[in-house]
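These notes are about the structure you will find just below.
Throughout, read-outs are computed from the coordinates displayed, never taken from laboratory work. Keep in mind that what you see is a predicted model, and the values were worked out from it rather than measured. All Cβ positions, even for glycine, are placed from backbone atoms using ideal geometry, and neighbour counts span all protein chains on display.
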Ligand SMILES: NC(=O)c1ccc[n+]([C@@H]2O[C@H](COP(=O)([O-])OP(=O)(O)OC[C@H]3O[C@@H](n4cnc5c(N)ncnc54)[C@H](O)[C@@H]3O)[C@@H](O)[C@H]2O)c1
């Protein structure tokens, strides 16, 4: 797979960059020439991603940072340290940090609901807002913000009332941000993965995996790199007339 070099001289912030889809996005973006800020609540995983990044293209310099996306203070610190390090805000941002805390609706605690919404939905809001504010403040905005939603936000999923609500929420957030930020040439889009093989889905029982696979028209789970490829498209100028949209990366799962 000959990588394109569509992200040369772009600075890209990836939350959740320490694992799974976020890590694959870091790899893909670095291979396309971007300077990558790997941000994760696990500093160790962020550093592990950082060490594995390609950095032989023009002007590339990567960094890793610890951030809790659900904390405004933590995000403010992150954006400040990026600007100190690179003398500019990131013009590309991928919100890939996310968690699950599954339980049936009848048993779900308020804490389970709140935590998942805080990380997945509020975290995407806080990061999108901070990046947009920094871009607008720098006077020459232009950027692309990609938020990882989920097909579950559209169709629901047993045991995931909190998660499905948070993922439906990021689509509404993204569409609104797209409308408000287009005058600054900042595009905002979602990718909606289906069933992707990552540490998050490693928790799913084998029985459920087999059942899910049988529902996927393409007959297999997706790979993180297959989601990352779509993120690279949305981050790059190849998608310059696309904003406020959600692209499903599901192998055909739930197409109806
Ligand atoms: N795996 C799938 O099948 C699938 C499907 C649809 C959507 N998604 C979404 O894709 C995204 C990535 O998921 P994944 O499967 O790669 O999971 P993952 O668990 O492998 O990676 C998630 C990363 O986010 C980090 N993180 C968690 N809470 C954080 C916080 N508060 N602040 C900063 N970082 C935090 C984790 O440390 C981890 O490194 C998530 O938003 C997830 O909801 C995944």
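Below is a table of values for the structure above.
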{"quantity": "Residues 230, 36, 127 arranged by fewest to most Cβ contacts within 10 Å", "calculated": "230, 127, 36"}
{"quantity": "Listed peptides 131-138, 249-256 by packing density, highest first (mean Cβ within 10 Å)", "calculated": "131-138, 249-256"}
{"quantity": "Peptides ranked, highest mean first, by Cβ atoms within 10 Å: ranges 140-147, 206-213, 17-24", "calculated": "17-24, 140-147, 206-213"}
{"quantity": "Cα long-axis angle, helix 20-31 against the chain (0 to 90 degrees, to the nearest 10)", "calculated": "30 degrees"}
{"quantity": "Structure-based [θ]222 nm, the chain - -39500 (n - 2.57) summed over DSSP H runs of at least 4, per residue, nearest 500", "calculated": "-13000 deg cm²/dmol"}
{"quantity": "Folded to 0 to 90 degrees: helix 206-215 orientation relative to the chain principal axis, Cα", "calculated": "80 degrees"}
{"quantity": "Share antiparallel - DSSP beta bridges, the stretch 11-249, percent rounded to 5", "calculated": "0 percent"}
{"quantity": "Label-point gap, in nm, between residue 182 and residue 84 - each point 7 angstrom along Cα→Cβ", "calculated": "3.8 nm"}
{"quantity": "Order by protection proxy (mean Cβ within 10 Å, highest first), peptides 107-114, 191-198, 241-248", "calculated": "191-198, 241-248, 107-114"}
{"quantity": "Sequence of 104, 29 once ranked by neighbouring C-beta atoms within 10 Å, starting from the fewest", "calculated": "104, 29"}
{"quantity": "Distance-filtered residues of the stretch 229-244 - backbone nitrogen under 19 Å, label point 7 angstrom along residue 9 Cα→Cβ", "calculated": "235-240"}
{"quantity": "Angle between the chain longest axis and helix 161-181 axis [Cα atoms, degrees, rounded to 10]", "calculated": "30 degrees"}
{"quantity": "Separation of alpha-carbon centers, the stretch 24-55 and the stretch 210-228, rounded to whole Å", "calculated": "24 Å"}
{"quantity": "Taking the stretch 37-115 and dividing mean pair separation by its residue count, relative contact order in percent (alpha carbons under 8 Å, at least six apart)", "calculated": "23 percent"}
{"quantity": "Length added when fully stretched, residue 240-residue 136, from 0.36 nm per residue minus Cα-Cα", "calculated": "35.6 nm"}
{"quantity": "Normalised contact order of the stretch 11-249, rounded percent, pairs of Cα under 8 Å and 6 or more residues apart", "calculated": "20 percent"}
{"quantity": "Packing-based exposure ordering (other Cβ within 10 Å, fewest first) of 202, 68", "calculated": "202, 68"}
